[in-house]
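Okay, structure first, notes after.
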Amino acid sequence: MTATAIAARNSIHVGQPESIGLANVVRSEWTKLRTVRSTYWTAIAAVLATVGVAVLGASEYVHNFEPKNLEGFDAANFVLQGLYVAQIALGALGVLTITGEYATGMIRTTLTAVPQRRVVVALKGLVYVLAMLVIGEIISFATFGIGQAILHLKHAGVSLSDPGVLRVVIGGGLYLTSVGLLGFALGTLVRRTAGALASFFGVLFLPSALIDLLPNSWRADAIKFAPANAGTQILNTQRVHDMLGPWQGLGMLTLYGVAILLGALFLLGRRDA
C-alpha cells in the first residue's frame with residue numbers, strides 16, 4: 001500500500017508541472033526581443049532616419065531663412081517629420097516580432113512551454129510595446145533637441161515650455177508606439193511576414209488614399225478617422241480644423257491596433273499554431 005501511494009503521488013506530480021509564471025514569460029519575451037539583430041538594426045535605422053531628416057530640413061530652412069517664413073511655422077512639427085520614416089521601420093519590426101516565430105517554428109515551442117496561447121502572445125505584445133515606447137520617446141526628444149538647436153541659429157526654434165510643444169514631443173514617441181502596436185496586431189492576425197507587412201501598409205496608408213476619392217461632402221467627415229490622419233494630429237502644436245483633437249486622434253489610431261489585436265487573440269485560440 002505504501003509503494004502504491006508513493007507511485008500515485010509521483011504520477012500526480014509529473015502530470016501537473018509547476019506553473020512557469022508570468023514574470024518568467026515576460027523575461028523570456030524580453031530576451032527574445034533584445035537578442036534578435038533586427039531589433040537593433042531597426043532601432044538604429046529609425047534613429048538615423050528621424051535625426052537625418054531633422055538635420056537636413058532644419059539646415060535647409062536656416063540656409064534659406066527669411067523672416068516672413070516664420071508666419072504659421074510649426075517648429076516642433078517641422079523637425080519631427082522624420083517620424084514618418086521611423087514609423088515604417090518600427091511598424092515592420094512589430095510585424096516581424098511575431099511572424100518571425102511562425103516562420104522559424106519557434107512559436108510551437110513557445111506555446112508548448114506556455115499553453116495559455118492568448119496570455120503568452122499578449123505578454124509578447126506588451127514587452128514589444130513597452131520597448132517601442134522607450135525607443136520612440138528617445139528618438140522624439142533627441143530629434144527635437146538637435147533640430148531646434150539648428151533652428152535657433154535664426155531664432156526660429158521653440159522650447160519645451162512653449163504652448164503645445166511638450167505634448168508634441170511626448171506624442172511623437174506615443175505615435176511610434178501606436179504604429180508599432182498596429183504592426184504587431186496585424187502580424188498576430190495574419191501570421192505570415194509578407195502578408196502582414198502588406199496589411200500593415202494597407203491599413204495605415206490606404207484608407208487616406210481611398211477617402212480622397214469620395215465626394216467632398218463625405219470626405220470631410222471620413223478623413224479624420226483614417227488611421228494615419230488621426231494619429232498624426234498629436235504632432236501639431238495647434239489643432240487642425242475639421243480634424244480630431246491631438247489626443248482623440250492618437251486614441252483612434254491606438255484603438256485600431258487594440259481592436260485588431262483582440263480579434264487576433266480570439267482567433268489564436270481557434271487555429272492551429
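The values are calculated or read from the model by the stated rules, or taken from the named source; none is laboratory data. Computed from a prediction, not measured in an experiment: that's the story for all the values here. With ideal geometry, Cβ positions are generated from the backbone for all residues, glycine too; neighbour counts draw on all protein chains shown. Remember, those area values only see protein heavy atoms, side chains included, never the ligands or the DNA or RNA. Shrake-Rupley method; radii C 1.70, N 1.55, O 1.52, S 1.80 Å.
Across the range 180-230, the qualifying residues are those that are farther than 22 Å from Ile170 by Cα and charged (D, E, K, R), and the one among them that is least open to solvent (accessible area, probe 1.4 Å) is Arg191. For the range 225-238, indicate whether the set of residues that are more than 27 Å from Phe141 (Cβ to Cβ) and of a type in the set (Phe, Trp, Tyr) is non-empty. Checked against the condition, which is being more than 27 Å from Phe141 (Cβ to Cβ) and of a type in the set (Phe, Trp, Tyr), the range 225-238 yields at least one hit. The residue that is nearest to Gly57 (Cα to Cα), counting only those in the range 67-85 that are open to solvent by 60 Å² or more (accessible area, probe 1.4 Å) and assigned to a loop (DSSP other than H, G, I, E, B), is Gln81.
Filter the range 231-262 down to the residues that are under 14 Å from the mean Cα position of the chain (by Cα), open to solvent by less than 40 Å² (accessible area, probe 1.4 Å) and in contact (Cβ under 8 Å) with a residue 24 or more places away in the chain and list them by number.
Those that are under 14 Å from the mean Cα position of the chain (by Cα), open to solvent by less than 40 Å² (accessible area, probe 1.4 Å) and in contact (Cβ under 8 Å) with a residue 24 or more places away in the chain: Gly231, Thr232, Leu250, Leu253, Gly257, Ile260, Leu261.
Any residue at all in the range 20-31 that is assigned to a helix (DSSP H, G or I) and at pLDDT 90 or above?
no
On the stretch given as the range 201-239, residues that are in a loop (DSSP other than H, G, I, E, B) and either of a type in the set (A, V, I, L, M, F, W, C) or touching a Pro at 6+ places or on another chain (Cβ under 8 Å) (or both) total 6.
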